[in-house]
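To keep things clear, I will list the structure first and then write my remarks on it.
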Amino acid sequence: MSGARPVGSVPRRPSASRERSCSGDGDARSGGTGGINSGRKAAPKHRPGSAQPRPGPPSAPAPPVAQAIRSASADPKRYLASLQAQCTELKCAANNATEENMRARTRLMALERELQKRDRLLQPLLQLKQAGMGVGLDVIEKLREERNMLPIFRRKAQDLQAQLDERDAEIKRMKIAPNFTRVIELQVEFASWQHEMRRLDSLLKDPSPESNPASKKEAEVHVQRSAKLEEDLAAVEKHRDSLVDEVAEAEADHSSWQDTYHEKEAELVRQQDATRDLAVAFKDLLQLGCTLACVVLQCWLGYVGSVEVLLDCCTISPIHTAQLLQP
């Protein structure tokens, strides 16, 4: 506070430029209220710069993440550029929030200093009361003015604490956002590739193993890796030779089984031909037997007819004679 203020007066809010100009010298002006025997001063027309509210930065617009993801398959370069722009926006928003948090903490510290000054003002009064001495009118008037300012400072402290909590929550929310974590991953990967690039540049500038220990160590690593690769190659070639032998054995096996298959197939063809010839011969024999049976039957029927004539002569029933002739 820059000075005493009349009771009941309402402080006016200064403009943004006036507020910025007053924020730097708030501590210098606040020194006038500390003395007990200081005279009554003129009332200020505004509150101290440390107690003035500061307008927060405009919130950064949400990046078009969905649109960038939809266009990723169409143009990867554009998607990468949009991702970099989003990373830049997130960094700017995080920096702005950190700066506002620092400013709010600074204002809170200024209010705490004001509170300490008022505590120092109350301590002599307490000592005077304990000693049984009186208090001057100027001190009483100053205490009245300070008493009227206490609720304002209390509300201001509460507002600043709420702003601090809000800024802390916003910073935490930004840090756990997927885009922010992806930014951190890309930064770590970029740092690793930068380290690898610097290492390769140093090797290219001085590739001699005698003068550059890093080149010597790199050559030793590559020699060890080459020896290991040669061992792996020998093992693979040995395995390939064993597989070639197995394939040759399998091919010989296959050829022998193929010959056996051809032999069995030829034998099956011969058996089928023999079976076909036998069936034809049996068919011919069956036809010949049928012909002979027909001839015998005709002869038999002729013989039976003559027998029936004889039986008719002997008055014997033809049905009974047929039953007798049945086998």
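The values are calculated or read from the model by the stated rules, or taken from the named source; none is laboratory data. Quick caveat: nothing in here was measured; it's all calculated off a predicted structure. Please note: Cβ atoms are built from the backbone with ideal geometry, for glycine as well, and neighbour counts cover all protein chains shown.
Tabulated data
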item	result
Residue check for Phe180: under 32 Å from the mean Cα position of the chain (by Cα), among the aromatic types (Phe, Trp, Tyr) and surrounded by 11 or more Cβ atoms within 10 Å (Cβ to Cβ)	yes
Selection status of Gln116, within 29 Å of Phe180 (Cα to Cα), among the polar types (S, T, N, Q) and either in contact with a strand residue (DSSP E or B) (Cβ under 6 Å, 6 or more places away or on another chain) or part of a helix (DSSP H, G or I) (or both)	no
Candidate set from segment 193-231 (those that are polar (S, T, N, Q), at pLDDT below 85 and in a helix (DSSP H, G or I)); member that is farthest from the chain's Cα centre (by Cα)	Ser215
